[in-house]
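What follows is a single structure, written as structure tokens, with notes after it.
What follows is calculated from the coordinates using simple rules that are stated; it is not laboratory data. All values derive from a computational prediction rather than experimental measurement. Note: ideal-geometry Cβ built from the backbone for every residue, glycine included; neighbour counts use all protein chains shown.
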Amino acid sequence: MKKGYKVLDSDIHVIEPRSLWREYLDPRFRDRAPTLPEQAGGWMTMNGRTLPAYADTEERRRAVGIRYRNERFLTRVGRRGEGEMEQLTQGTTPAGMLRAMEVEGIDVAVVFRTLAAHVIAFDDIDPALAAGLCRAFNRWLGDFCSDEPSRLKAGAQIPLHDIDLAVAEARHAVERLGAITLVLPSHPVKERPLYDRYYDPLWAVAQDLDVAVSLHGIQSSYTAGMLANRYPENHVMGHAVGQPVELMLSLGEVVTGGVLSRHPKLRFAFLEGNCSWLPWWLYALDERWKEWGDRELFEQEELPSDLFRRQCWVSVDVDEALVRNVIAEVGDENIVISTDWPHDDSEYPDAIETFLGIEGTNEDSKRRILWSNCARLYGLD
């Protein structure tokens, strides 16, 4: 606990170890496994291309390099170990994560991927390989969380390149590995919007399993529809688009395309992309839905804002003081907290302290955001 508040982190991260693919990937895929750099300054490679996406181009290398040379990045890395290369080689450990949670006062954390998101971020990857990579990561993460299952909860990565493989992995991850959420990219895969009926079997199985679906962005990818790819030389724009704007679009697709009307018990989370945009975005969607919503095609009568309040959650950054405006306009029952440990843009070791210091939010709102909202989202009541 932190100052008497129970804390449930909706989105904490691992840095996957080099050994993951060697030890957990199905042998038939190992000749196509991701490769990690042998020394500092190198890049990860997958599917014949460099990761992060386009990092082998001069403009992208310069933009990302500014982040990696930033004093904030170096400070955060120093708190995690002897350096970024050690972390890429050794990976985050359960003991290290639990120590960080003790420092922050986090009672329970939902654990998300880092590098594993990038290795499937291709439109043209072999769907079976994408599913194999997700299965390997999910098995490894299940073992990771088993060290302290009451405090570490797994977020399973789901491949979207083939819907049958997606459904199979969702069932396996929840029923066999104990995952409590299905983690999807916030950018489109093969340019399909989330309301495409192609995805209905996945929404149906998530509802049947009573498991939340979590949308989470990455900074770049080799998928055609990702807006951040417009800005390879400008990491400020790329990150701002790859996280908040892609989340806005994903949320809009879900609440205007009938996904929630057709699956009224399905729960969606939109994570690590701020929440301050939410009041205006719901207003904009409501206004257009009233006039132009295709109720017959999407089988939806409800307003987007009503569907959001009924079935969606969004995360607040710990230093996002504008959350008080969101609470005033939308309420405080659909907001959760995300620390983003151990990434360089986290506020560790003062993340929860920083959030508690935001003025204009009352004690009841803080308790809901730090615990009860997230418990409802993930079914941990």
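Here the dipole of the stretch 239-294 is about 260 debye; that uses its Cα centre as origin and unit charges on the Cβ of Lys and Arg (positive) and Asp and Glu (negative). Rounded to the nearest 20 debye, the dipole magnitude of the stretch 21-69 is 140 debye, with +1 charges on Lys and Arg beta carbons, -1 on Asp and Glu beta carbons, and the Cα centre as origin. Residues Ile15, Ile335 in ascending order of nearby Cβ atoms (within 10 Å, fewest first): Ile15, Ile335. Placing dummy labels 7 Å off each Cα toward the beta-carbon, the span from Glu102 to Thr114 is 2.1 nm.
Nearest 5 percent is fine: what portion of the DSSP beta bridges confined to the chain is antiparallel? Display every interim value, and only then the final one.
On the way: 5 of 32 bridges.
Once the DSSP bridges in the chain are tallied, antiparallel ones form about 15 percent.
In this structure, the pairs whose alpha-carbon distance is over 32 Å, taken from Lys2/Lys190; Lys265/Lys366; Lys3/Lys265; Lys153/Lys290; Lys190/Lys366; Lys3/Lys153, are Lys2/Lys190; Lys3/Lys265; Lys153/Lys290; Lys190/Lys366.
Within the stretch 142-187, the trypsin sites (Lys or Arg not before Pro) that combine a DSSP coil assignment with at most 13 other C-beta atoms in a 10 angstrom radius are Arg176.
Under the combined filter of DSSP loop state and at most 16 neighbouring Cβ atoms within 10 Å, the stretch 223-303 retains these trypsin sites (Lys or Arg not before Pro): Lys265. Selection among Pro304, Ser19, Ser221 by position relative to the dipole of the chain gives Ser19 as farthest towards the positive end (Cβ unit charges, Cα centre).
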